[in-house]
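S.K.: Quick one: this structure, given as C-alpha coordinates, is what I'll be asking you about.
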Amino acid sequence: MSLSREASPNPGLRRWASRLLLLFACASVVATSRNSFEDIVSEPHTSAPLTLTTEAPTLTRPITVKVTASEPPSKKAQVELTVQVKARWTPADPSRTALPWMRVSLSKASPDPAVPTQPVVLKTGEDVVARTVVILDETCELGASCKWATNLTVQVQPDATPGTVELEWKASARAKVIGLSDTPRGMGITVSEP
(Lines give C-alpha, C1' and ligand atoms only; values in the text may rest on other atoms or scores of the structure.)
Protein backbone atom coordinates (compact mmCIF):
# COMPACT_ATOMS: atom_id res chain seq x y z
CA MET A 1 0.00 0.00 0.00
CA SER A 2 2.76 2.45 0.92
CA LEU A 3 4.68 1.42 -2.21
CA SER A 4 1.77 2.34 -4.51
CA ARG A 5 1.35 5.70 -2.75
CA GLU A 6 5.02 6.53 -3.35
CA ALA A 7 4.83 5.49 -7.02
CA SER A 8 1.72 7.53 -7.85
CA PRO A 9 2.36 11.27 -8.30
CA ASN A 10 0.80 13.78 -5.96
CA PRO A 11 -2.55 14.99 -7.46
CA GLY A 12 -1.77 18.60 -6.46
CA LEU A 13 1.61 18.39 -8.18
CA ARG A 14 -0.04 16.94 -11.30
CA ARG A 15 -2.55 19.86 -11.39
CA TRP A 16 0.29 22.37 -10.95
CA ALA A 17 2.29 20.78 -13.79
CA SER A 18 -0.80 20.86 -16.05
CA ARG A 19 -1.35 24.55 -15.32
CA LEU A 20 2.30 25.32 -16.01
CA LEU A 21 2.15 23.45 -19.32
CA LEU A 22 -1.02 25.36 -20.27
CA LEU A 23 0.66 28.67 -19.38
CA PHE A 24 3.64 27.88 -21.64
CA ALA A 25 1.28 26.90 -24.48
CA CYS A 26 -0.64 30.20 -24.15
CA ALA A 27 2.60 32.19 -24.08
CA SER A 28 3.81 30.52 -27.28
CA VAL A 29 0.50 31.31 -29.05
CA VAL A 30 0.73 34.97 -28.00
CA ALA A 31 4.38 35.16 -29.12
CA THR A 32 3.61 33.75 -32.58
CA SER A 33 0.51 35.92 -33.05
CA ARG A 34 2.62 39.10 -33.00
CA ASN A 35 4.59 40.33 -36.01
CA SER A 36 6.94 37.51 -36.94
CA PHE A 37 9.63 39.88 -38.21
CA GLU A 38 12.00 42.22 -36.46
CA ASP A 39 11.66 45.98 -36.80
CA ILE A 40 13.64 47.37 -39.74
CA VAL A 41 16.70 49.21 -38.36
CA SER A 42 18.73 51.87 -40.17
CA GLU A 43 22.47 52.13 -40.47
CA PRO A 44 23.71 54.70 -37.93
CA HIS A 45 24.26 58.22 -39.25
CA THR A 46 27.15 60.11 -37.62
CA SER A 47 27.44 63.87 -37.81
CA ALA A 48 30.57 65.83 -38.59
CA PRO A 49 32.37 67.17 -35.48
CA LEU A 50 30.64 70.27 -34.12
CA THR A 51 31.50 72.96 -31.59
CA LEU A 52 29.38 74.87 -29.09
CA THR A 53 30.52 77.68 -26.84
CA THR A 54 28.97 79.19 -23.75
CA GLU A 55 28.60 82.43 -25.76
CA ALA A 56 26.48 80.58 -28.38
CA PRO A 57 25.07 77.75 -26.24
CA THR A 58 22.38 76.27 -28.53
CA LEU A 59 22.74 74.22 -31.69
CA THR A 60 19.92 72.86 -33.86
CA ARG A 61 20.35 70.31 -36.64
CA PRO A 62 17.61 68.92 -38.94
CA ILE A 63 17.31 65.14 -39.28
CA THR A 64 15.30 63.25 -41.90
CA VAL A 65 14.11 59.65 -41.57
CA LYS A 66 12.82 57.89 -44.68
CA VAL A 67 11.18 54.47 -45.07
CA THR A 68 10.88 52.87 -48.51
CA ALA A 69 9.53 49.56 -49.80
CA SER A 70 9.70 48.22 -53.36
CA GLU A 71 6.28 46.59 -52.86
CA PRO A 72 4.64 48.85 -50.29
CA PRO A 73 1.52 47.55 -48.56
CA SER A 74 -1.29 49.96 -47.84
CA LYS A 75 -0.47 49.87 -44.15
CA LYS A 76 0.79 52.42 -41.67
CA ALA A 77 4.44 52.67 -40.67
CA GLN A 78 5.75 54.02 -37.38
CA VAL A 79 9.29 55.21 -36.65
CA GLU A 80 11.34 55.55 -33.49
CA LEU A 81 14.46 57.73 -33.67
CA THR A 82 17.34 57.47 -31.20
CA VAL A 83 20.14 60.04 -31.03
CA GLN A 84 23.27 59.88 -28.90
CA VAL A 85 25.31 63.03 -28.44
CA LYS A 86 28.94 62.64 -27.34
CA ALA A 87 30.42 65.81 -25.86
CA ARG A 88 33.69 66.98 -24.28
CA TRP A 89 34.09 70.17 -22.23
CA THR A 90 37.15 72.45 -22.37
CA PRO A 91 37.08 75.52 -20.10
CA ALA A 92 38.62 78.73 -21.45
CA ASP A 93 40.43 79.10 -18.12
CA PRO A 94 41.70 75.69 -16.88
CA SER A 95 41.73 76.94 -13.30
CA ARG A 96 37.91 77.26 -13.38
CA THR A 97 36.56 73.93 -12.15
CA ALA A 98 32.80 74.56 -12.43
CA LEU A 99 31.25 72.09 -14.89
CA PRO A 100 28.27 73.06 -17.08
CA TRP A 101 25.32 70.87 -17.99
CA MET A 102 24.16 69.86 -21.46
CA ARG A 103 20.66 68.91 -22.58
CA VAL A 104 19.51 67.30 -25.85
CA SER A 105 16.03 67.04 -27.37
CA LEU A 106 14.24 65.94 -30.52
CA SER A 107 11.16 67.70 -31.84
CA LYS A 108 8.40 65.59 -33.28
CA ALA A 109 7.19 66.00 -36.85
CA SER A 110 3.83 67.04 -35.42
CA PRO A 111 3.27 70.40 -33.71
CA ASP A 112 4.09 68.86 -30.31
CA PRO A 113 7.02 70.63 -28.66
CA ALA A 114 10.34 68.88 -28.12
CA VAL A 115 10.67 67.07 -24.81
CA PRO A 116 14.19 67.62 -23.46
CA THR A 117 16.05 64.89 -21.64
CA GLN A 118 17.44 65.35 -18.18
CA PRO A 119 20.63 67.42 -18.34
CA VAL A 120 23.99 65.67 -18.06
CA VAL A 121 27.01 67.28 -16.44
CA LEU A 122 29.95 67.70 -18.80
CA LYS A 123 33.47 66.71 -17.78
CA THR A 124 36.75 68.41 -18.58
CA GLY A 125 38.67 66.39 -21.16
CA GLU A 126 36.32 63.37 -20.94
CA ASP A 127 33.53 62.20 -23.22
CA VAL A 128 30.02 62.38 -21.83
CA VAL A 129 27.05 60.85 -23.67
CA ALA A 130 23.46 62.10 -23.64
CA ARG A 131 20.73 60.05 -25.32
CA THR A 132 17.23 60.96 -26.48
CA VAL A 133 14.50 58.87 -28.13
CA VAL A 134 11.26 59.95 -29.83
CA ILE A 135 8.50 58.32 -31.84
CA LEU A 136 8.17 60.61 -34.84
CA ASP A 137 4.68 61.86 -35.57
CA GLU A 138 2.36 58.94 -35.15
CA THR A 139 2.06 56.91 -38.31
CA CYS A 140 2.52 57.33 -42.06
CA GLU A 141 0.54 55.53 -44.76
CA LEU A 142 3.27 53.54 -46.50
CA GLY A 143 3.11 54.33 -50.20
CA ALA A 144 6.23 54.80 -52.32
CA SER A 145 7.91 56.19 -49.21
CA CYS A 146 7.29 57.75 -45.84
CA LYS A 147 9.38 60.68 -44.65
CA TRP A 148 9.66 62.29 -41.24
CA ALA A 149 11.52 65.49 -40.35
CA THR A 150 12.69 66.47 -36.90
CA ASN A 151 15.20 68.77 -35.25
CA LEU A 152 17.92 67.80 -32.82
CA THR A 153 18.63 70.57 -30.32
CA VAL A 154 21.72 70.58 -28.10
CA GLN A 155 21.91 73.18 -25.38
CA VAL A 156 24.78 73.94 -23.01
CA GLN A 157 24.19 75.80 -19.77
CA PRO A 158 24.01 79.43 -20.93
CA ASP A 159 25.35 81.05 -17.75
CA ALA A 160 28.32 78.68 -17.38
CA THR A 161 31.93 79.79 -17.15
CA PRO A 162 33.41 80.43 -20.63
CA GLY A 163 34.45 77.35 -22.53
CA THR A 164 33.96 75.12 -25.55
CA VAL A 165 32.04 71.88 -26.08
CA GLU A 166 33.24 69.59 -28.86
CA LEU A 167 30.53 67.18 -29.87
CA GLU A 168 29.25 64.78 -32.46
CA TRP A 169 25.98 62.93 -32.64
CA LYS A 170 24.93 59.54 -33.96
CA ALA A 171 21.35 58.73 -34.97
CA SER A 172 19.60 55.49 -35.84
CA ALA A 173 15.96 54.69 -36.48
CA ARG A 174 13.74 51.66 -36.39
CA ALA A 175 10.47 51.24 -38.26
CA LYS A 176 7.61 48.83 -38.06
CA VAL A 177 4.60 48.31 -40.26
CA ILE A 178 1.46 47.93 -38.20
CA GLY A 179 -0.68 44.85 -38.86
CA LEU A 180 1.69 42.75 -41.02
CA SER A 181 3.13 39.33 -40.30
CA ASP A 182 5.95 39.60 -42.86
CA THR A 183 8.46 42.29 -43.74
CA PRO A 184 7.34 44.18 -46.86
CA ARG A 185 9.55 43.38 -49.84
CA GLY A 186 12.52 45.71 -50.28
CA MET A 187 11.74 47.67 -47.13
CA GLY A 188 14.53 49.93 -45.88
CA ILE A 189 15.05 52.89 -43.59
CA THR A 190 17.63 55.70 -43.70
CA VAL A 191 18.62 58.57 -41.43
CA SER A 192 20.23 61.65 -42.95
CA GLU A 193 20.83 65.35 -42.62
CA PRO A 194 19.04 67.21 -45.42
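S.K.: Sequence neighbours fewer than 8 away in the same chain don't count; with that in mind, list the lysines whose C-alpha is under 22 Å from Lys76.
M.R.: Leaving aside lysines fewer than 8 places away in the same chain, those within reach of Lys76 are Lys66, Lys108, Lys147, Lys176.
S.K.: To make sure I understand the rule: partners must be lysines, Cα under 26 Å from the Cα of Lys123, and not fewer than 8 residues away in the same chain. Which ones qualify?
M.R.: Counting by Cα, and skipping residues close in sequence, Lys123 has these lysines nearby: Lys86, Lys170.
S.K.: When Lys and Arg each count +1 and Asp and Glu each count -1, what net charge do the other residues less than 13 Å away from Pro162, Cβ to Cβ, add up to?
M.R.: Once positives and negatives cancel, what remains is -2.
S.K.: When you count, for each residue, the other Cβ atoms within 10 Å and take the mean per peptide, how do 55-68, 85-98 rank with the highest first?
M.R.: Result, highest mean first: 55-68, 85-98.
S.K.: Note down the Stokes-Einstein diffusion coefficient of the range 37-192 in µm²/s, whole number, using a Kirkwood radius over alpha carbon pairs, 25 °C, and 0.890 mPa s.
M.R.: It comes out at roughly 147 µm²/s.
S.K.: Let me ask something else about it. With a 1.4 Å probe and all protein chains kept in place, how do Glu168, Glu126 rank by accessible area, largest first?
M.R.: Glu126, Glu168
S.K.: Relative contact order for the range 37-192: what percent, with Cα pairs under 8 Å and sequence separation of 6 or more?
M.R.: For the range 37-192, the relative contact order is 48 percent.
The values are calculated or read from the model by the stated rules, or taken from the named source; none is laboratory data. The shown structure was predicted, so the numbers you read here are calculated from the model rather than taken from an experiment. Note that we place each Cβ from the backbone using ideal geometry, even for glycine, and neighbour counts take in every protein chain shown. Protein only, heavy atoms only, side chains kept; ligands, DNA and RNA dropped before computing areas. Shrake-Rupley method; radii C 1.70, N 1.55, O 1.52, S 1.80 Å.
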